[in-house]
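Rule-based calculations on the coordinates, nothing more; no lab input. In this text, all values refer to a predicted model and were calculated from it rather than measured experimentally. Cβ atoms come from the backbone with ideal geometry, glycine included; neighbour counts cover every protein chain shown.
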Amino acid sequence: MPGIFRSAILNRAELKSMDEGGENFLSWIEKIFDRVNLYTSRGTLSYLITLMLMGTALMVRIAVAPLEAGLQYLTFFPAVALSAILCGFWPGMFAILIGVCMATFIFEQPYYSISLHSLQMAFWANMVFVIDGFIVCSAVAAMHRYQDKLKTAILDNKRARQIIEATSDGFWLCDINGKILDVNNSYCHMTGYNRQELLTMNIADIDANEPTKGIFTHIQWVIQHGCDVFETQHRRKNGELANFEISASYLQDAGHFILVFARDIAERKRIEAEIEQSHLTLDDLYNNAPCGYLSLGVDSKIIQVNQTELNWLGYTREEMLGKKIMDFQTPLCAKEYEMHFQKYIRDGSILDIEVEMLRKDGTILPLLLSANTINDADGNFVMSRTSLIDITDRKGVENELRKSESRFRLLFEKAPIGIALSQQDQKFFATNAAFCKMFGYTEEELTRRSITELTHQDDLDLTRKMLGNLLDGDISEYSIEKKYVRKNGEVFWGKAIATTFAGDDYGGRYTMGMVQDVSERVEREARQLSEVKKQRDVLVREVHHRIKNHLQGVVGLLRQSAIEHSALVEVVNAVIGKIYSIAIIHGLQASTRSEDVDLAGVMENIIDATCTRIEYENTLEQPVFLCGEEAVPIALVLNELLTNACKHRSANTPISIRFEKDGDDTMITIANNSDANRLAAMGDGQGLNLVKSLLPRKSAHLETGLVMGIYTAALILSPPVTISNSASI
């Protein structure tokens, strides 16, 4: 409805071109509509209800009395009052207007018409009705306003109470004498008292900081100034003290009360204590750090300095603050530092610069300086952070190291033996004069070579093995005599001692080797050894010849005894075989241990000394030799195997011996037809135990077996016990 009225008015105004007067009129009409609340559906409904009430009042009036009786306001006035009560002031006034119109139109003669006479007759009655209605509407409106204010006040009080109860801060209300009048649950929880207990108490009963007189003085101060915020301690019910921040306000207009909020600041106190302790710790770290620390301004003046540096230099803090750092440096150091200070500001950092500071007593303190800058948001230098490390001990160590290096260099250069240093790749990086002279190279030429390039081919494998063990950490050093090759191709003997030491690089190891030319000693020892060998060979041959002659005499006597005593023929032949075996072994022992022995020749000598029929087959394409050290044990093994074969063979059966080659292995197979009873009686007796004990642990093993009455013993030999071609060694 209001929208229709507004549209009608606007359309009419548009037809009249909406001149200035028309705009004012429309504005006045809109204000009236706003005032009487016609733009809302609720306002429109209120006026409709008013119309219904007045209509009802009219019908009731007509029903209870005739028109001539008057009393037209008998039902109109209650309708006006109801309209004001139910719908508000303006609908009530609207009801008054309707009532005046109906009273004048219907109940004044001439009835149901309007005339000047009827208006004059009803004027005073209508005025009384209007005044009474206005008074009633105004009274009802005032009642509504006070009712709204009361509801608002009740709601605000309820909300305030909810807020007070919901807040984590403690709250109480007290009078100017300190008596607690109200308190919230948070404060009850903070102190351990319940609400009833606190309402019987005074502030002086719970405050632990101030005496009663002081509390009342504080209350008067709050009354005078209106509010105060302070920290205090309250005593809980269990006797503990709790820290609180109190915010007190004086409510003069609300009945001279004091409104108090209490915040538990135990956590804040704890954090403040931790921060204070942190500050003390940082101050201790700063002032008592094991290094000096200072800060410089843009003019290189000292802004801050720690106690460590003050102790080093012997100054007080006041003596150093505000002065340039160059004032505490040696003249040369100060000059260099001042020259590079601006560059340091531009670069933003400086690292490990050695400076010389002057102590108060005039002595010099060497320090290692590192610093970086602190800049503002625009990148401008504000101050520096500078740390200094006392390097007095390091300088002493460096001086000692320098002297030690000088002594080592002198020893290295003047040593009478050759000394060389090599890197991880075994390339030389330093050689002394004696080493260069020994090999005939210049130092520059040797830097492109390694020790293996100077080693003779015969000793190359052994050198590589020893170097590998040294670099792997299996051994800490080694000493060896071997052959070397000079630049001109000349071969000489040298005694080498090698060890490793830590290099400059992380985890790297360097090798130091010392070589002494021992060619003269080696040649002299070789000549002496040759002479001794010759003398030994002559003596051994002479002794062997005499022993052989005696053994032959013994064999002759035994054979003579066999002729005279035929029953002893078999025993005598066995003894003679043993004697021949002894002669063969003695012959081997008589030879030099460095000589290699023909394996087939040893076997043939043993066969010749055996008085037994033997089928011998040698399939070797080239001779196989036994190394000198193993010749005697292998000969004893072969002799023992052949003796056992002769002893345990069947009567009048031959023994088969075969030599054959299988790759690097050489196999000697001894086979015989076995007497089952003898073989069972032998088992694994002393014969085979002796053979196994004589065999070398490596490069030799024995296999035995019995197949269809033929017993075989296969001795398998491999390098280094055997050597395929002794002439090439």
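Which parts of the range 433-454 would a label at Arg464 reach, counting a residue when its backbone N lies under 17 Å from a point 7 Å out along Cα-to-Cβ?
Once the point is set 7 Å along Cα→Cβ of Arg464, 450-454 turn out to lie under 17 Å by backbone N, inside the range 433-454.
Given 0.36 nm per residue, what is the gain on full extension from Val491 to Lys343 after removing their alpha carbon distance, in nm?
Taking Val491 through Lys343 to full extension adds about 47.0 nm, to one decimal.
Listing Cys646, Cys227, Cys291, Cys87 from the residue with the fewest other Cβ atoms within 10 Å to the one with the most, what is the order?
Cys227, Cys291, Cys646, Cys87
Between their Cα atoms, which of Lys465/Lys698; Lys647/Lys692; Lys534/Lys698; Lys483/Lys698; Lys427/Lys495; Lys323/Lys360 are more than 25 Å away from each other?
Lys534/Lys698; Lys483/Lys698
In Å, the Kirkwood hydrodynamic radius of the range 167-264 over pairs of distinct alpha carbons?
13.2
Using the C-alpha atoms of the range 36-145, what convex hull volume per residue, in cubic angstrom, is computed?
93
Given R₀ = 45 Å, what would the calculated FRET efficiency be for Glu604 paired with Ser530, taking r from the Cβ atoms and rounding to 0.05?
0.90
With an 8 Å cut-off on Cα pairs and a minimum separation of 6 or more residues, tell me the relative contact order of the range 167-264 in percent.
Across the range 167-264, relative contact order equals 31 percent.
Give the relative contact order (percent, whole number) for the range 274-396; include only Cα pairs under 8 Å separated by 6+ residues.
In percent, rounded to a whole number, it is 24.
For the residue pair Asn652 and Ser693, what label-to-label distance in nm results when each label sits 7 Å from Cα along the Cα-to-beta-carbon direction?
3.8
From the C-alpha gyration tensor of the range 274-396, pull out the three semi-axes of the equivalent ellipsoid (sqrt of 5λ each), sorted largest to smallest, in whole Å.
22, 21, 13
Taking a cut-off of 25 Å between Cα atoms, list the lysines near Lys213, but don't count ones fewer than 8 places away on the same chain.
Lys179, Lys237
Grab the other residues whose beta carbon is less than 15 angstrom from that of His234, score K and R as +1, D and E as -1, and report the net.
-4
Run the numbers for Glu621 and Lys151: contour at 0.36 nm per residue of separation, minus the present Cα-Cα distance, in nm. Intermediate values should be presented prior to the final figure.
Numbers: separation 470, 0.36 × 470 = 169.20 nm, distance 13.20 nm.
Between Glu621 and Lys151, full extension yields 156.0 nm more.
Please work out the FRET efficiency for the pair Ile106 and Lys179, using the Cβ-Cβ distance as r and a Förster radius of 60 Å; give the result to the nearest 0.05.
The calculated FRET efficiency here is 0.30.
Could you state the orientation-averaged shadow area of the convex hull built on the Cα atoms of the range 415-517, in nm² to one decimal?
Mean projected area for the range 415-517: 6.1 nm², to one decimal.
Which distance in nm do the two modelled labels at Thr447 and Ala160 give, with both placed 7 Å along the Cα-to-Cβ direction?
9.6
Among all the lysines, which ones have a C-alpha under 19 Å from Lys395's C-alpha, if same-chain residues fewer than 8 places away are not counted?
Counting by Cα, and skipping residues close in sequence, Lys395 has these lysines nearby: Lys403.
Give me Rg/Rg_expected for the range 372-440, where Rg uses Cα atoms only and Rg_expected = 2.2 N^0.38 Å with N residues.
Taking the Cα Rg and dividing by 2.2 N^0.38 Å, one obtains 2.14.
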